[in-house]
Amino acid sequence: MSRPAVVKALWGAAVLVLVAGCSSGDTGERPNTAPPASVSPSAPPSASGSAPPSGAGRVSVAGTLTEGLKSPWGVAELPGGDLLVSSRDERTITRVDGRTGAKTDLGEVPGVVPGGEGGLLGLAVRDGWVYAYLTASSDNRIVRMRYGGADGDRLGAPQPVLTGIPKGVVHNGGRIAFGPDGMLYAGTGETGRTGLAQDRSSLGGKILRMTPEGRPAPGNPFAGSVVYSYGHRNVQGIAWDAAGRLWAAEFGQNTWDELNLVEPGRNYGWPEVEGRAGRAGFVDPVAQWPTSEASPSGIAYARGAIWMAALRGERLWRVPLSGAERSGDPEAFLTQEYGRLRTVVSAGDGRLWLVTSETDTRGTPGPGDDRILRLEVS
C-alpha cells in the first residue's frame, strides 16, 4: 500500500521549498550545499524510483503491520515475535503484536526530555530487560527496565546502565543493539561539537561497547573505556552480518553519508574527513551517498546485503556484500513511496520490518502515518 495520493501530489509541489529551506540535523535537513561533481559510488535509481529487477536481493512490501504511530524511532523484537516501539517525542513504548498489529501502550519512560533530535530513541531486549537510549535533562544515557514475567505488560523503573553521553539539539546518535558476542553496542553523535568525535575521552561521536551492566567490555581497544571506535559524526544504524562483522551508517554534513565496516580502535575521520579521503590513519567508508539521497538511520542485514533506511532520501538502500567488501553498487527501493524511513529490522527468513518517520516534525504525514511495513527479500 503506497502513501495516500494527495500526499504524493503535495510532495511534488513542495520538494523545492523543502530542499531550499532545510537546516542541519540528524534527519538530513542540511544546508542546500550540493556535493562535488565527482560520481557517487551508489547506483542511480530507475525512473520509477525503485531498483530495476536484478534477481536475488529484490524487496517487496508484503503489507502493513500497524499504523498510527507517533514519532517512532527504536524497535526491538521480543521472544515470540512481537515488537516494542519507542516514540521519540511522546516518551512512550508501545508493544505491537507481530501477527495482528494490535498495539498496547506500555506507558511513558520516566526521565526522558524530548527536544530537537533527542528524546526516547533506540531499544534493545535481553534476558527480561528492555534497554533504552534516551535524552535526559543533563545527558544522553542508556537505561534498562524489567519487563514481562509476573508484572505482565508493565515496565519496571529505569535503572542507569551508562550515563554521561553528550546531548545536544542535534546529533544525539541513539541506536543500541546486542552483538553476537553478547555485548551491548551504542552509536552516539558529537552533538554539533565536532571536536568530541576525535576526543577519545568523550563518549560523543563514537561507537560504544559495554557489558549488559554498562562496564567496559572485555577486549575493548582502549583500557578501561567503553569506546570501541571513534571519529564518527552521528551514528544511527548498527548491524552485524552473518560472519559477525559490525556495520554502521553515519550522517555526513553537506557532502557524503557513509556505510562503514567498523573495527575496534579505528578512526573514521570526522571532522577531518567526510566520505572517502584515502588518508593514512582514517578508515574510508565501504559505500557513500550524496546527502540528498540518503541521510541514513537504521540498518539491518538480510540475504547477503545491508539494508539502510534513508530519511531525507526517502528510500531503502540495498548494499550487496562479499565478506568485508561491497560486491556491487547500492540499489534504491521504495523511493518516495512511503516518505521518510527511520528504522529497518531483520525479522529472519528474508523478512524485514520497516518503520516510516513522517511524524517527526520533518515529514509530511498523511492518513495512517507512521506505520510499520512488512517487507520480503527475494
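The values are calculated or read from the model by the stated rules, or taken from the named source; none is laboratory data. Note that this is a predicted model, so its numbers are computed, not measured. Don't worry about glycine lacking a Cβ; one is built from the backbone with ideal geometry, like all the others, and counts go over all protein chains shown. All accessible areas refer to the heavy atoms of the entire protein, side chains included, with ligands and DNA or RNA removed. Shrake-Rupley method; radii C 1.70, N 1.55, O 1.52, S 1.80 Å.
Can you compute 3J(HN,Hα) from phi for each residue in the range 293-308, using the Karplus curve 6.51 cos²θ - 1.76 cosθ + 1.60 with θ = phi - 60°, rounded to whole Hz and x for Gly and Pro?
In residue order, the calculated couplings are 9, 9, 6, x, 10, x, 9, 8, 10, 7, 6, x, 8, 8, 10, 10 Hz.
List the residues, sorted by chain then number, that are 5 or more residues from ARG175 or on another chain and whose placed amide H is less than 5 Å from its amide H.
Amide H to amide H, under 5 Å and 5 or more residues apart or across chains, ARG175 pairs with GLY187.
Determine the gain in length on full extension of the stretch THR64-GLU263; use 0.36 nm per residue of separation and subtract their C-alpha separation, reporting nm with one decimal.
Working: separation 199, 0.36 × 199 = 71.64 nm, distance 3.61 nm.
Full extension from THR64 to GLU263 adds 68.0 nm.
Quick one: in the chain, what % of C-alpha pairs are over 31 Å apart? Can you show the working numbers first?
Values: 19988 of 71253 pairs.
Counting every Cα pair in the chain, those more than 31 Å apart make up 28 percent.
Name the residue, out of THR343, THR194, THR291, whose mean-square fluctuation peaks in a Gaussian network model built on the chain with Cα pairs under 10 Å.
Of THR343, THR194, THR291, the Gaussian network model singles out THR194 as fluctuating most.
Given labels modelled 7 Å from the Cα in the Cβ direction, how far is it in nm from GLN159 to SER201?
Result: 3.1 nm between the two label points.
Report, to two decimal places, the Cα Rg of the range 196-245 normalised by 2.2 N^0.38 Å (N = number of residues). If you can, show how the numbers build up before the last one.
Details: Rg = 11.4 Å, N = 50, 2.2 N^0.38 = 9.7 Å.
Normalised by 2.2 N^0.38 Å, the Cα Rg of the range 196-245 equals 1.17.
SER71 accessible area, nearest 10 Å², 1.4 Å probe?
Near enough 10 Å² of accessible area.
Can you give the charge dipole size of the range 247-296 about its Cα centre, rounded to the nearest 20 debye, using +1 on the beta carbon of Lys and Arg and -1 on the beta carbon of Asp and Glu?
140
Rounded to whole Hz and in sequence order, give me ³J(HN,Hα) for the range 160-172 from the Karplus expression 6.51 cos²θ - 1.76 cosθ + 1.60, θ = phi - 60°, writing x for Gly and Pro.
Per residue, the Karplus-derived 3J(HN,Hα) values read x, 10, 8, 10, x, 6, x, 10, x, 5, 10, 6, 9 Hz.
Using modelled backbone amide H atoms (1.01 Å from N, in-plane), which distant-in-sequence or interchain residues come within less than 5 Å of SER229's amide H?
Result for SER229 returns ILE207, GLY265.
Determine the share of the range 205-253's accessible area contributed by carbon and sulfur atoms, expressed in whole percent, with a 1.4 angstrom probe.
Working: 670 of 1400 Å².
Of the solvent-accessible surface of the range 205-253, carbon and sulfur hold 48 percent.
Using heavy-atom solvent-accessible surface (probe 1.4 Å) with all chains present, what is the largest-first order of GLU67, GLU376, GLU190?
Working: GLU67 70, GLU376 95, GLU190 0 Å².
The ranking, largest first, comes out as GLU376, GLU67, GLU190.
Less than 14 Å Cβ to Cβ from LEU155, Lys/Arg counted +1 and Asp/Glu -1: what total charge do the surrounding residues give? Intermediate results must be reported in sequence, preceding the final value.
On the way: positive: ARG91, ARG95, ARG144, ARG146, ARG154; negative: ASP105, GLU108, ASP151, ASP153.
Net charge around LEU155: +1.
In the P(r) worked out for the range 98-236, what percent of Cα pairs fall beyond 27 Å?
Numbers: 1924 of 9591 pairs.
For the range 98-236, the fraction of Cα-Cα distances above 27 Å is 20 percent.
Can you work out the accessible area per residue across the range 68-199, with the rest of the protein chains kept in place, probe 1.4 Å, in square angstrom? Provide the component values of the computation, followed by the final result.
On the way: 4950 Å² over 132 residues.
Accessible surface, normalised per residue, equals 38 Å².
Given a 10 angstrom Cα cut-off, can you work out which residue in ASP257, ASP97, ASP360 is the most mobile in a GNM of the chain?
ASP97
GNM on the chain, C-alpha springs below 10 Å: top fluctuator among ALA102, ALA300, ALA309?
In this elastic network of the chain, the residue with the biggest mean-square fluctuation among ALA102, ALA300, ALA309 is ALA102.
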